[in-house]
Each structure stands twice: as C-alpha cells, then as structure tokens.
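The values are calculated or read from the model by the stated rules, or taken from the named source; none is laboratory data. Quick caveat: nothing in here was measured; it's all calculated off a predicted structure. Cβ placement follows ideal geometry from the backbone for every residue including glycine, while neighbour counts extend to all protein chains displayed. Each accessible area value is taken on the protein alone, full model and side chains, heavy atoms only, with ligands, DNA and RNA left out. Shrake-Rupley method; radii C 1.70, N 1.55, O 1.52, S 1.80 Å.
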Amino acid sequence: MNNVLEYLEHAASAFPDKTAVADRDNKFTFSRLQQVSDELAAVPAIKENSGKAVGVVAGRSAWVIAFFM
C-alpha cells in the first residue's frame, strides 16, 4: 500500500463492518466510510476544484474524515 486511501480501501474490503471512525453523534464502518466518501466525491463543486487548493473550516466529526477521503 502506498497511501492512506489504499489502506482504507483495503480495510473496507477486509473489515467492512469494523468501526473506522466515530464521534459523539456518528459512527462509520469502513464500508460505510468508503460509500459516503464516494458519494461526496461525486458532488460537482468538489470536482470543479480538483487539483486546486481550497480552504476548509470544519469542526471535529466523522463526516470531516469522510469528506477528505
């Protein structure tokens, strides 16, 4: 594995039901984290800025991890 994304993709295959990340209000298994991140990647606004630096202000949550995958 060469990077974190490859590690997470492997973990989603090997341990789909194991908790990947959790906060007070949300809990994502590896398979759900991969699904959510794939859905977020399909948002046109995210695609338009692909390869460009963008500023992000976010609180601490499981959703932030999914967004950055």
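Set the Förster distance to 30 Å, then compute FRET efficiency between E39 and M1 from the Cβ-Cβ distance, nearest 0.05.
Calculated value: 0.80.
Can you list residues from other chains, or at least 5 along the same chain, whose modelled amide H is less than 5 Å from the amide H of V21?
Residues meeting the amide H criterion: F28.
Which one is right for this structure if volume of the Cα convex hull per residue in Å³ is calculated from it: (i) 81; (ii) 139; (iii) 94?
Answer label, from the structure shown: (iii).
Return the long-range amide H neighbours of F15 (sequence gap of 5 or more, or a different chain), with a cut-off of under 5 Å between placed amide H atoms.
none
Between H10 and S61, what is 0.36 nm times their sequence separation minus the Cα-Cα distance? Round to one decimal in nm.
16.1 nm
What accessible area per residue comes out for the chain, rounded to a whole number of Å², with a 1.4 Å probe?
Computed with neighbouring chains in place, this is 77 Å² per residue.
State the percentage of accessible surface on the chain attributable to carbon and sulfur atoms; use a 1.4 Å probe and exclude ligands, DNA and RNA.
53
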